[in-house]
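Below you'll find the structure, written out as structure tokens, and then a few comments.
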Amino acid sequence: METNEQVQVLQDLIKIHSVNGNEIAVAEYLQKLFLAHGIDVTVDAFGDRRANLIAQIGAGTDPRVLGFTGHQDTVAVPNPERWQHDPFGGEVVSGHIYGRGAADMKSGLAAQAIALIELKEAGYQPAGTLKFLATSGEETGTPGAWRLEKQGVIDDLDALVVGEPTGGNVVFAHSGSLTYRITSIGKSVHSSHPDQGINAIAGLLHFIEQENALFDDVGDDQYLGKVQHCITIIEGGKQANTIPDLAHLFGNIRPTAVFNNQQVTQRLTDLVDQINHQTPFQLELKVTQSFGPVITKPDSDFVQLALHAAQRNYPNDVELKTINGATDASIFTLNRPDLPVVVLGCDSWNMAHQTDECTTIPSYLAAIKAYKQIARDFFN
């Protein structure tokens, strides 16, 4: 493909509204693109305009399978009036492509798809299989990744490249992500005599005070550092002159290999039990989402192969890194903990979910080249 064609593919994907859904429109665009280049492709629609896509090239004479993966959905645009560029315009300005998903992660998705196409167009037929997996709902519970895992689509993978934005750095480990809800049940009375009720909001405040130091004694993970944790949503009360009898909060925690999801859940459970037994407050805990950490040793052959490809093709200096964000790889490694995984993509993770989200054209083009080299080096 010419550069303008490569850029157009990313612009087209940005223009497709796939905010927390409608991935089928992205999948149908990619399907048409692959079919135009004679590549075997399947769209797996599973209702509510959601769909995964699977495409592959290769002779299959080598049993090994290399996976490329990316998600088709984006997060919402809560304040579009704050954008200087149309969130769904795919505008090109001074070497940058702007729009929701430009970084996270339609750039990686487009680059991986184009890598397959250009390898085939160049007459390169890997002895094994290069499999491209485009998923749904990564930002909201990973239903697409779960579906692929249950279907056994990832069972034959020997290594996996996740195309999330990394600025060309090779991420060999990322934390897990555990989201939970605390429901506080109190007793409602008139606010003129609060001592006769139980303030559900006060129960949450008691939990928050304890949660602040809940993981202080946990040692640092060799690669992922400290367990990161925060309270992100608080809801409670209906009327200013009434003591609330119900309140909720949501929190998010980033487990590590040193302190995993099960240990995090147990510590939360212990804290809730302690509050319920030692105070008048009654709290209920529900884990709403739990993804494990993903780690491939930095000196492993696959990580070093990916690092070499990135160093040869990105215009900037690249290095090995870790991130606290989570990816679909948490699902894909659930029953494959030893599956080698790297995260490698276009401009910085810090651009994800931002106002005027963008990626640079040089980084995008470099990602395409790096993906092609990873495929060639892996099978050679």
Quick one: in region 118-129, which of the residues that are at pLDDT 95 or above and in contact with a strand residue (DSSP E or B) (Cβ under 9 Å, 6 or more places away or on another chain) is farthest from LEU30 (Cα to Cα)? GLY128
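Just to be sure before I move on: is LYS297 open to solvent by 50 Å² or more (accessible area, probe 1.4 Å), modelled with pLDDT of 95 or more, at negative phi and assigned to a loop (DSSP other than H, G, I, E, B) in the structure I sent?
In short, yes.
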Among the numbered conditions (1) crowded, with 18+ Cβ neighbours inside 10 Å; (2) within 14 Å of the chain's Cα centre (by Cα); (3) over 21 Å from SER363 (Cβ atoms); (4) of a type in the set (Ser, Thr, Tyr), tell me where THR129 comes up short. (2)
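Out of the residues in region 43-92 that are among the aromatic types (Phe, Trp, Tyr) and more than 30 Å from ASP377 (Cβ to Cβ), which is surrounded by the most Cβ atoms within 10 Å (Cβ to Cβ)? So that I can check it myself, show each step before the final result.
We begin by selecting, within region 43-92, every residue among the aromatic types (Phe, Trp, Tyr); these are 46, 68, 83, 88.
After this cut, where a residue has to be more than 30 Å from ASP377 (Cβ to Cβ) as well, the list is 46, 83, 88.
Details: PHE46: 14, TRP83: 18, PHE88: 20.
Restricting to residues being among the aromatic types (Phe, Trp, Tyr) and more than 30 Å from ASP377 (Cβ to Cβ), the top hit is PHE88.
Here's a check for you: in region 343-367, which residue that is outside any loop (DSSP other than H, G, I, E, B) and among the polar types (S, T, N, Q) is most open to solvent (accessible area, probe 1.4 Å)?
To start, the set of residues in region 343-367 that are outside any loop (DSSP other than H, G, I, E, B) comprises 343, 349-351, 358-367.
From what's left, among the polar types (S, T, N, Q): 350, 359-360, 363.
Values: ASN350: 119, THR359: 1, THR360: 30, SER363: 7 Å².
Among those that are outside any loop (DSSP other than H, G, I, E, B) and among the polar types (S, T, N, Q), it is ASN350.
Rundown of residues vs (1) open to solvent by less than 60 Å² (accessible area, probe 1.4 Å); (2) of a type in the set (Phe, Trp, Tyr); (3) not in a helix (DSSP H, G or I), yes/no style:
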{"site": "ASP217", "(1), (2), (3)": "no, no, yes"}
{"site": "PHE250", "(1), (2), (3)": "yes, yes, yes"}
{"site": "ILE253", "(1), (2), (3)": "yes, no, yes"}
{"site": "GLN262", "(1), (2), (3)": "no, no, no"}
{"site": "LEU271", "(1), (2), (3)": "yes, no, no"}
{"site": "LEU285", "(1), (2), (3)": "yes, no, yes"}
{"site": "VAL303", "(1), (2), (3)": "yes, no, no"}
{"site": "ARG312", "(1), (2), (3)": "no, no, no"}
Within region 65-81, which residues are part of a loop (DSSP other than H, G, I, E, B) and either among the hydroxyl-bearing types (Ser, Thr, Tyr) or closer than 23 Å to SER330 by Cβ (or both)? GLN72, ASP73, VAL75, ALA76
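The values are calculated or read from the model by the stated rules, or taken from the named source; none is laboratory data. Only a predicted model underlies this, so the values are computations on that prediction, with no experimental measurement involved. Backbone-built Cβ (ideal geometry, glycine too); neighbour counts: all protein chains shown. The protein model used for the area step is the full one, side chains on, heavy atoms only, and it has no ligands, DNA or RNA in it. Shrake-Rupley method; radii C 1.70, N 1.55, O 1.52, S 1.80 Å.
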